[in-house]
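Novice: Input: one structure, supplied below.
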Amino acid sequence: MYTRKNIKPATLVAKADDYIDTNTGAITPPIITSTTYARDDRYQLINESNVYGRDDNPSFVQAEHVLTELEQGEAALLFASGMAAIASCFYTLNSGAHVVLPDSMYWGVFSWTRTYCDRADIRVSYYNTADAESIATAMKGAARTDLVWVETPSNPMMHVTDIAIAAEIAHAADATLVVDNTTPSPVFTQPLKLGADLVVHSATKTLNGHSDVLAGAIVTKKTDERWEKIAAERHGAGAVPGPFDAWLLLRGMRTLFIRAERASQNAQRLAEFLEGHDNVEQVLYPGLESHPGHSVAARQMVGGFGSLFSFMVVGDAQAALAFVGRLNLIVLATSLGGVETLIEHRHSVEPVETRVPENLLRLAVGIEDVEDLLDDLRQALK
Ligand SMILES: *Cc1c(COP(=O)(O)O)cnc(C)c1O
């Protein structure tokens, strides 16, 4: 297996599982598109790791090794999307189970869990995302809790949850702690080290980083019974990405550290600029000292506060939409973690019951020259 504890994570991902093809000497891996694998005259597989495309693929395995190292776990699995990875965690629960979810989280997870848990007879309680201690209160809603979910900083309100406290509370009740680590990426937060049992990713975002692959991943602290169930879910339901997507992800991850570091530095500059602007009501970025979660974030995030933040312009939804309409460089689109800066008016895309303020804009900062981004924001705010 691929473990070299003396090598730094940035080196590990740059070398992408250290591939050298023994036949050709090629230093980048091929894409194996085969869905099936031959057996010899004794009906034995020629390579035991490869049986059928729904089980595994050499391109998945390489990306999974890199993810395992990045999150410092025991194993990782790639999925067809972040949501497919997240759904697999819930599919391992039995009916009658109890889960504790944050009251501010990525909309797709919030709405899918609400529908799925209702149909599967899984009880859901919510805690205050900005206060990990409130997980204990939410647990009192049931005799036992099976799963606790954390997403920090949360989407798009940027609440910070203390992962170590969440782990302590979850484990005292024998519950599994899952952390959605999409927003910070493993460059800035490593939840398994802070006590999480599973880490999930939308690899569509910062891990791939180029807005051209849909993929998900789960990394586990232990290859235990729970992990076997998740692996069986992926295999059984066929929730795997295509080999080309896995290959693109592996290629995207090679530049993860320089992308994530640059985007985070840009985000910090933009957040500081916006915080000082008269036409901005509030900036929600844990990298700002004014943010209520700053001290927890500074403890559990290492080297930066990530590329995502939200801010409220002075005025109503019309003011927010007029502002984004004046932007020239920054693209109006959903998603995050790509090399190009995107802005989104979440209130327009979430259903009516959303609690996202109507003047809130979510900025997913890319790796452009920060002066160009500042100029664009400055002229649009006039
Ligand atoms: C995008 C995202 C997801 C869903 O991932 P997909 O790859 O779009 O399925 C889940 N959680 C967070 C925090 C995300 O940003």
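The values are calculated or read from the model by the stated rules, or taken from the named source; none is laboratory data. Fair warning: this is a prediction, and the values are worked out from it, not measured in the lab. Note that each Cβ is placed from the backbone with ideal geometry, even for glycine, and that neighbours are counted across all protein chains shown. With ligands, DNA and RNA removed, areas are computed over all heavy atoms of the protein, side chains included. Shrake-Rupley method; radii C 1.70, N 1.55, O 1.52, S 1.80 Å.
Novice: Under the condition of being among the hydroxyl-bearing types (Ser, Thr, Tyr) and open to solvent by 60 Å² or more (accessible area, probe 1.4 Å), which residue from segment 303-352 is farthest from the ligand (Cβ to nearest atom)?
Specialist: To start, the set of residues in segment 303-352 that are among the hydroxyl-bearing types (Ser, Thr, Tyr) comprises 307, 310, 334-335, 341, 348.
Applying the additional criterion that residues be open to solvent by 60 Å² or more (accessible area, probe 1.4 Å) yields 334, 348.
Values: THR334: 9, SER348: 17 Å.
Result: SER348.
Novice: So which residues in segment 98-107 are assigned to a loop (DSSP other than H, G, I, E, B) and crowded, with 20+ Cβ neighbours inside 10 Å?
Specialist: SER104, MET105, TYR106
Novice: Okay, next question. Go through (1) crowded, with 22+ Cβ neighbours inside 10 Å; (2) part of a loop (DSSP other than H, G, I, E, B) one by one and return the number of the condition ASP56 breaks.
Specialist: (1)
Novice: Looking at this structure, is THR189 within 16 Å of the ligand (Cβ to nearest atom), hydroxyl-bearing (Ser, Thr, Tyr), in contact (Cβ under 8 Å) with a residue 60 or more places away in the chain and open to solvent by less than 50 Å² (accessible area, probe 1.4 Å)?
Specialist: Details: within 16 Å of the ligand (Cβ to nearest atom): yes; hydroxyl-bearing (Ser, Thr, Tyr): yes; in contact (Cβ under 8 Å) with a residue 60 or more places away in the chain: yes; open to solvent by less than 50 Å² (accessible area, probe 1.4 Å): yes.
Spelling it out, THR189 is indeed within 16 Å of the ligand (Cβ to nearest atom), hydroxyl-bearing (Ser, Thr, Tyr), in contact (Cβ under 8 Å) with a residue 60 or more places away in the chain and open to solvent by less than 50 Å² (accessible area, probe 1.4 Å).
Novice: Could you tell me which residue of segment 121-142 is farthest from the ligand (Cβ to nearest atom), considering only residues that are surrounded by 15 or more Cβ atoms within 10 Å (Cβ to Cβ) and in a loop (DSSP other than H, G, I, E, B)?
Specialist: Initial filter on segment 121-142 (surrounded by 15 or more Cβ atoms within 10 Å (Cβ to Cβ)): 122-132, 134-136, 138-139, 142.
Add one more test, that the residue is in a loop (DSSP other than H, G, I, E, B), and what stays is 122, 128-132, 142.
On the way: ILE122: 19, ASN128: 18, THR129: 12, ALA130: 16, ASP131: 19, ALA132: 18, ALA142: 25 Å.
Checked segment 121-142; the qualifying residue farthest from the ligand (Cβ to nearest atom) is ALA142.
Novice: Next up: Going residue by residue through segment 174-181, is there one that turns out to be within 16 Å of the ligand (Cβ to nearest atom), acidic (Asp, Glu) and in contact with a Phe, Trp or Tyr (Cβ under 6 Å, 6 or more places away or on another chain)?
Specialist: no
Novice: Among the residues of segment 221-228, is any open to solvent by less than 10 Å² (accessible area, probe 1.4 Å) and either within 17 Å of LEU70 (Cα to Cα) or touching a helix residue (DSSP H, G or I) at 6+ places or on another chain (Cβ under 9 Å) (or both)?
Specialist: no
Novice: Something else now. Looking only at residues that are within 13 Å of the ligand (Cβ to nearest atom) and assigned to a loop (DSSP other than H, G, I, E, B) in segment 213-240, which one is farthest from GLY306 (Cα to Cα)?
Specialist: Step one: list which residues in segment 213-240 are within 13 Å of the ligand (Cβ to nearest atom), which gives 213-218, 239.
Checking the rest, the ones that are also assigned to a loop (DSSP other than H, G, I, E, B) come to 213-215, 239.
Working: VAL213: 20, LEU214: 20, ALA215: 20, ALA239: 28 Å.
The extreme case among them is ALA239.
Novice: When segment 43-53 is examined, which residues are found to be among the β-branched types (Val, Ile, Thr) and surrounded by fewer than 10 Cβ atoms within 10 Å (Cβ to Cβ)?
Specialist: Here is the first cut: in segment 43-53, the residues among the β-branched types (Val, Ile, Thr) are 46, 51.
Matches in segment 43-53: ILE46 only.
Novice: Give the residue that is nearest to the ligand (Cβ to nearest atom), with candidates limited to residues of segment 195-205 that are open to solvent by 10 Å² or more (accessible area, probe 1.4 Å) and in a loop (DSSP other than H, G, I, E, B). Steps first, answer last, please.
Specialist: Residues of segment 195-205 open to solvent by 10 Å² or more (accessible area, probe 1.4 Å): 195, 197, 202, 204-205.
After this cut, where a residue has to be in a loop (DSSP other than H, G, I, E, B) as well, the list is 195, 197, 204-205.
Values: GLY195: 19, ASP197: 18, THR204: 4, LYS205: 5 Å.
Only one residue tops the list, namely THR204.
Novice: Inside segment 307-382, counting only helices (runs of 4 or more DSSP H) that do not spill past its ends, which hold 3 or more residues that are acidic (Asp, Glu)?
Specialist: Values: elements: 317-325, 346-349, 370-381.
Fully inside segment 307-382 and qualifying: 370-381.
Novice: So ILE31 passes all but one of these: (1) farther than 13 Å from ALA246 by Cβ; (2) open to solvent by 20 Å² or more (accessible area, probe 1.4 Å); (3) under 27 Å from the mean Cα position of the chain (by Cα). Which condition number does it fail?
Specialist: Only one criterion in (1) farther than 13 Å from ALA246 by Cβ; (2) open to solvent by 20 Å² or more (accessible area, probe 1.4 Å); (3) under 27 Å from the mean Cα position of the chain (by Cα) is unmet by ILE31, namely (1).
Novice: Go through the residues of segment 253-269 one by one and say whether even a single one is part of a helix (DSSP H, G or I) and over 20 Å from the mean Cα position of the chain (by Cα).
Specialist: The first filter runs over segment 253-269 and keeps only residues part of a helix (DSSP H, G or I), leaving 253, 256-269.
This time we only want the ones that are over 20 Å from the mean Cα position of the chain (by Cα), so: 269.
The answer is yes; a qualifying residue exists.
Novice: Separate question: Kindly list, by first and then second residue, each pair from a residue in segment 143-172 that is within 13 Å of the ligand (Cβ to nearest atom) to a residue that is part of a helix (DSSP H, G or I) and basic (Lys, Arg), limited to pairs with Cβ atoms under 9 Å and residues at least 6 apart or on different chains.
Specialist: ASN155/ARG346; PRO156/ARG346
Novice: With PHE79, PHE110 as the choices, which residue is of a type outside the set (S, T, N, Q), within 16 Å of the ligand (Cβ to nearest atom) and open to solvent by less than 30 Å² (accessible area, probe 1.4 Å)? Spell out the reasoning first.
Specialist: On the way: PHE110 fails: open to solvent by less than 30 Å² (accessible area, probe 1.4 Å).
So the residue among PHE79, PHE110 that is of a type outside the set (S, T, N, Q), within 16 Å of the ligand (Cβ to nearest atom) and open to solvent by less than 30 Å² (accessible area, probe 1.4 Å) is PHE79.
Novice: For segment 160-167, check the following and say yes or no: at least one residue is surrounded by fewer than 24 Cβ atoms within 10 Å (Cβ to Cβ) and closer than 28 Å to ARG259 by Cβ. Let's see the steps before the verdict.
Specialist: Within segment 160-167, the subset surrounded by fewer than 24 Cβ atoms within 10 Å (Cβ to Cβ) is 162, 164-165, 167.
Applying the additional criterion that residues be closer than 28 Å to ARG259 by Cβ yields 162, 164.
Checked against the condition, which is being surrounded by fewer than 24 Cβ atoms within 10 Å (Cβ to Cβ) and closer than 28 Å to ARG259 by Cβ, segment 160-167 yields at least one hit.
Novice: Another question about this same structure. Could you say which residue among ALA239, ALA246, ALA263 is on the phi < 0 side of the Ramachandran plot, aliphatic (A, V, I, L, M) and outside the structural domain of LEU12 (by TED's automatic domain parsing)?
Specialist: Working: ALA239 fails: outside the structural domain of LEU12 (by TED's automatic domain parsing); ALA246 fails: outside the structural domain of LEU12 (by TED's automatic domain parsing).
Going through ALA239, ALA246, ALA263 in turn, just one is on the phi < 0 side of the Ramachandran plot, aliphatic (A, V, I, L, M) and outside the structural domain of LEU12 (by TED's automatic domain parsing): ALA263.
Novice: Something else: If the requirement is being within 21 Å of GLY304 (Cβ to Cβ) and open to solvent by 20 Å² or more (accessible area, probe 1.4 Å), which of these qualifies: HIS171, HIS210?
Specialist: After ruling out the rest, the residue left standing is HIS210.
Novice: Of the conditions (1) without any contact (Cβ under 8 Å) to a residue 24 or more places away in the chain; (2) surrounded by 22 or more Cβ atoms within 10 Å (Cβ to Cβ), ASP40 fails just one. Which one is it?
Specialist: Checking ASP40 against (1) without any contact (Cβ under 8 Å) to a residue 24 or more places away in the chain; (2) surrounded by 22 or more Cβ atoms within 10 Å (Cβ to Cβ), the one that fails is (2).
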